[in-house]
Amino acid sequence: MDPLSSLASLFDASRAHARLRQTDPVHWSEQLQCWFLTRYEDVAHAFRDPRLSSARSELFIARYLADKASLTRDYLRLSKRSMLMTDGADHARLRKEYGTGFTHAFVKSWRPVVARVMDELLAAVRDQGRMELVSDFSAPLVPLILMELFDIPTKDRKRFRTWIDAAGKFGNVLEAGPVRRANDSMRRMEKYLLRHLLRNEPEERMDVTELISNVILTLTAGYVATSDQLSTGVYNLLIHPNQRLLLRERPELLTGAVEEVLRYTPSAPLIYRIALDDIPMGGKVLRSGQWVCLAVAAANRDPTAFHEPDCFDITRKPNRHLSFASGPHTCLGAALARQVLARGLEVLFHSQPGLRLDPERSRQPKFNGGIFYGFHSLPLVFSS
Ligand code: HEM
């Protein structure tokens, strides 16, 4: 039987992935019609291999949404112009033009915004002694920060947030309703951005659609990945009390804790590419046109790259995880994501004393759709 026969097994970094890495590291899943790479070295190389294309929007729709293609027109039109879905010279141009706002120095200057948004969200639950981490904190957090950074006026933020939420669900849920809502939200964001934000001349080497497409990419992809990563980060620290205690005793380990959370349960555990050529790998041949899954979650637990990989260890050094990818598509928002995760873990564990899982309400893990891994809900209690 295919070891990746269920959705849950797709995300099971410690068992299903380990079994594949040991027995069949370049694995063809007949059921999923996709190659799965689970070794650190193979995944790291694959991220840099120009024969593995990122231009996958059209193929994704043809494969999973063929019967609903008419509902995805705007989504496709915009998403295929984003840097995430382009290759080679086009990708390099978009990244160069758009990426200037994401330098470390610039991201550092956003610190006060990040801190203020977090304080406001926590102030709303402080007296209650309990919170639902996802809806009260990790989900609203990044949209609020990004909308402020993108200058979306306060009066428009509520409706803009509903568009971000709906568009962020594309690919995670394949039913007609959410697909239609994601598509409509893309069109509405485009219209809004055209009317309100882009009255000035667009960048010289980027047309308006490209600019809008990449703004939307930042608002949607960055938001879901960071929200999920923060939720699983909090969860990991709560279920590893010795590591949590260590972090309290040695706050200088915060940076290490963020990297370990990213390694241990990456919020984007499976990244997909399309083979543009026949590519020999590990005694097999990836055929041109086939889907290839770079199983980051598995690579992050490869014992040839990490000592005792299944151990959650915030002192781990070095920690060269692949959770922000590697090569030309390395996450553009990594510096912002790291800042949000560090500050998020810090404020939650320092200013909410006695933070723990709520024993009376159950948590709901999320691994639907095969793209993001996190929680739908994570109820917590603390001493108010
Ligand atoms: C913990 C949070 C995050 C994780 C785990 C993450 C992960 C990733 C990964 C794995 C990729 C590469 C995808 C691929 O190669 O197909 C990527 C690309 C990207 N990410 Fe993130 N991301 C996070 C947060 C963010 C944030 C906060 C932003 C922006 C505000 C952002 C913006 C982008 C952009 C624009 C790209 C496309 C880069 C390119 O194609 O050249 N990400 N991210």
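Couple of notes before you dig in:
- Residue match in the range 156-166 (condition: farther than 26 Å from Phe375 by Cβ, in contact (Cβ under 8 Å) with a residue 12 or more places away in the chain and assigned to a helix (DSSP H, G or I)): yes
- Glu252 being free of Cβ contacts under 8 Å to residues at least 12 places away in the same chain, more than 9 Å from the ligand (Cβ to nearest atom), under 18 Å from Val340 (Cα atoms) and among the charged types (D, E, K, R): yes
- Test result for Arg77, surrounded by fewer than 18 Cβ atoms within 10 Å (Cβ to Cβ) and either out of contact with any strand residue (DSSP E or B) (no Cβ under 6 Å at 6 or more places or on another chain) or at pLDDT below 90 (or both): yes
- If only residues of the range 16-44 that are closer than 22 Å to Ser326 by Cβ, of a type outside the set (A, V, I, L, M, F, W, C) and out of contact with any Ser or Thr (no Cβ under 9 Å at 6 or more places or on another chain) are counted, the one that is surrounded by the fewest Cβ atoms within 10 Å (Cβ to Cβ) is Asp42.
- Selection within the range 238-258: residues that are within 22 Å of Pro359 (Cβ to Cβ) and assigned to a helix (DSSP H, G or I). The member of this set that is most open to solvent (accessible area, probe 1.4 Å) is Arg248.
- Condition met for Tyr98 (within 12 Å of the ligand (Cβ to nearest atom) and modelled with pLDDT under 90): yes
- Of all residues in the range 47-61, those being outside any loop (DSSP other than H, G, I, E, B) and either open to solvent by 50 Å² or more (accessible area, probe 1.4 Å) or at positive phi (or both) number 3.
- Residue list for the range 12-28, filter: farther than 14 Å from Val296 by Cβ and touching a strand residue (DSSP E or B) at 6+ places or on another chain (Cβ under 6 Å): Val26, His27, Trp28
- Screening Val125 on (1) surrounded by 20 or more Cβ atoms within 10 Å (Cβ to Cβ); (2) of a type in the set (Val, Ile, Thr); (3) under 30 Å from Val381 (Cβ atoms) shows it passes everything except condition (1).
- Close Cβ contacts (under 6 Å, 6 or more residues apart or on different chains) running from residues in the range 50-78 that are farther than 21 Å from Ala275 by Cβ to residues that are exposed (fewer than 15 other Cβ atoms within 10 Å of the Cβ) comprise Lys68/Ala176.
- Residue check for Ser377: more than 13 Å from the ligand (Cβ to nearest atom), more than 25 Å from Leu254 (Cβ to Cβ) and of a type outside the set (D, E, K, R): yes
- Residue within the range 292-300 that is buried (at least 20 other Cβ atoms within 10 Å of the Cβ) and either in contact with a Cys (Cβ under 8 Å, 6 or more places away or on another chain) or of a type in the set (Ser, Thr, Tyr) (or both) present: yes
For (1) modelled with pLDDT under 95; (2) among the aromatic types (Phe, Trp, Tyr), each residue gets a yes or a no:
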position: Thr304; (1), (2): no, no
position: Pro309; (1), (2): no, no
position: Phe312; (1), (2): no, yes
position: Ser326; (1), (2): no, no
position: Thr330; (1), (2): no, no
position: Ala335; (1), (2): yes, no
position: Pro353; (1), (2): yes, no
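- Of residues in the range 309-339 being polar (S, T, N, Q) and closer than 15 Å to Val261 by Cβ, the one most open to solvent (accessible area, probe 1.4 Å): Thr315
The values are calculated or read from the model by the stated rules, or taken from the named source; none is laboratory data. Because the structure is predicted, anything quoted here is derived from the model rather than measured. Note that we place each Cβ from the backbone using ideal geometry, even for glycine, and neighbour counts take in every protein chain shown. For accessibility, only protein heavy atoms count, side chains too; no ligands or nucleic acids. Shrake-Rupley method; radii C 1.70, N 1.55, O 1.52, S 1.80 Å.
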